[in-house]
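Values in this text are rule-based calculations from the coordinates and carry no lab data. As the structure is a prediction and not an experimental result, all values here were calculated from the model. Quick reminder, even Gly has a Cβ in these numbers, built from the backbone with ideal geometry, and neighbours come from all protein chains shown.
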Amino acid sequence: MKIESDRAEITAGVRNGETLGSPVVLVVENKDHASWKGRMDATPMDPTPEPLTRPRPGHADLAGGLKYDRHDLRDILERASARETAARTAAGGIARRLLSEVGIEVFAHVVAIGAVTAHAHPSGSIVALREAARASDLACADPKAEAQMKDAIREAAHAGDTLGGVFEVVATGVPPGLGSHAQWDRKLDGRLAQALMSIPAIKAVEIGEGVASAAHLGGAVHDPIHYQGTEKRFTRPTNHAGGVEGGISNGEDVVCRAYMKPISTLRRALPSVDVVTKEAHDSAFERSDTCAVAAASVVGEAMVALALADAVLEKFGGDSMKELLRNVQGFAEQTRDY
């Protein structure tokens with residue numbers, strides 16, 4: 001929400017600008033918490049706050065109430081709120097810092113909102129795409145599409161409705177060898193998909209051109225392998241696989257797309273049922289945005305950074321940054337001599 005400044009305070013695990021090897025603790029103050037005192041207290045409240053009993057379609061309200069046997073659905077919706085992603089984004093900042101040390105950079109850009117789709121950046125440059133997206137209000141690198149997206153958001157807001165969309169996360173500088181083909185839970189693409197799918201309102205994830213590739217022949221989908229003798233490395237003229245083959249990074253940019261449904265809380269309420277009286281009612285309205293695709297792309301960056309940082313530490317290990325970098329360098333030399 002706009003009232004939140006979202007400044008993360010480091011309270012443990014860091015001294016003099018360096019991590020110590022112990023858990024890092026980050027605290028993000030939620031200013032809106034003060035306005036809920038007396039309604040969200042841990043101790044018994046007198047009088048008991050009026051319960052929220054009309055679940056919102058698309059939210060965790062009803063499913064969570066049934067699972068945990070809660071008839072005041074505020075017990076569900078506050079914990080299920082996307083506000084929790086502030087903590088993920090803060091932790092993702094640490095993962096991003098670690099990745100930068102080994103030459104990996106992660107950035108996201110919005111490729112669609114509603115029916116408006118952005119075109120590829122005319123330069124074809126990853127750097128230009130990243131800079132254009134970061135300069136955009138909607139994290140969209142296509143200025144013409146961005147203007148149309150803003151119009152679509154305004155139209156949905158005036159109608160009391162919401163919009164979803166698609167964002168893409170790109171990780172450059174990823175070495176080959178992250179993840180594994182040997183066990184299902186170590187596959188890098190599975191770990192990336194789970195990380196992105198866990199973001200509230202994300203309903204589909206693809207790696208590379210996963211969705212489009214299902215409609216094409218194999219000859220048009222799989223990336224040919226070349227060898228550059230002067231640099232002693234394998235190269236690909238295309239990256240349809242999104243940098244992952246067989247659950248392992250192959251040295252190309254890792255590219256993921258996440259598909260976000262429209263926000264579930266609508267000002268124009270949808271039909272629902274009171275969970276206590278079982279009578280038909282319009283769903284309850286809570287605070288809400290019209291479109292959060294750009295904000296979700298920031299969370300997507302954090303989640304991909306966390307997944308990649310985990311894979312980097314799994315692959316290269318080390319109890320200090322110097323040891324980690326030495327292991328990364330040793331593996332780079334090994335691949336050049338392959």
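Structure notes:
- Across LYS31/LYS261; LYS67/LYS261; LYS37/LYS150; LYS150/LYS203; LYS261/LYS315; LYS67/LYS203, pairs whose alpha-carbon gap is larger than 25 Å: LYS31/LYS261; LYS37/LYS150; LYS261/LYS315
- Using the rule -39500 (n - 2.57) for each DSSP H run of four or more residues, divided by the residues of the chain, the 222 nm mean residue ellipticity is -10500 deg cm²/dmol.
- Here the convex hull built on the C-alpha positions of the chain has a volume of 182 cubic angstrom per residue.
- Qualifying GluC sites (Glu not before Pro) for the range 259-334 [loop in DSSP, other Cβ within 10 Å: at most 11]: GLU279
- Applying the Kirkwood pairwise sum to the alpha-carbon positions of the range 1-40 produces a hydrodynamic radius of 12.2 angstrom.
- With an a/c value of 1.5 or above and a/b larger than b/c for the gyration tensor axes a ≥ b ≥ c computed over the alpha-carbon atoms, the range 269-338 is described as prolate.
- Modelled spin-label separation between ARG15 and ALA63, with each label point placed 7 Å from Cα along the Cα-to-Cβ direction: 4.5 nm.
- Across the range 150-167, computed HN-Hα scalar couplings (Karplus, 6.51 cos²θ - 1.76 cosθ + 1.60, θ = phi - 60°) run 4, 5, 5, 5, 4, 4, 5, 5, 5, 8, x, 10, 9, 10, x, x, 9, 10 Hz from first to last residue, x flagging Gly and Pro.
- For the chain, the longest principal axis of the Cα atoms and the long axis of helix 321-336 meet at an angle of about 50 degrees.
- Label separation (ASP137 vs VAL28): 2.3 nm, computed from points 7 Å beyond Cα along the C-beta direction.
- When exposed loop sites are taken as trypsin sites (Lys or Arg not before Pro) in a DSSP loop with at most 14 other Cβ atoms within 10 Å, the longest stretch of the chain clear of them is 40-231.
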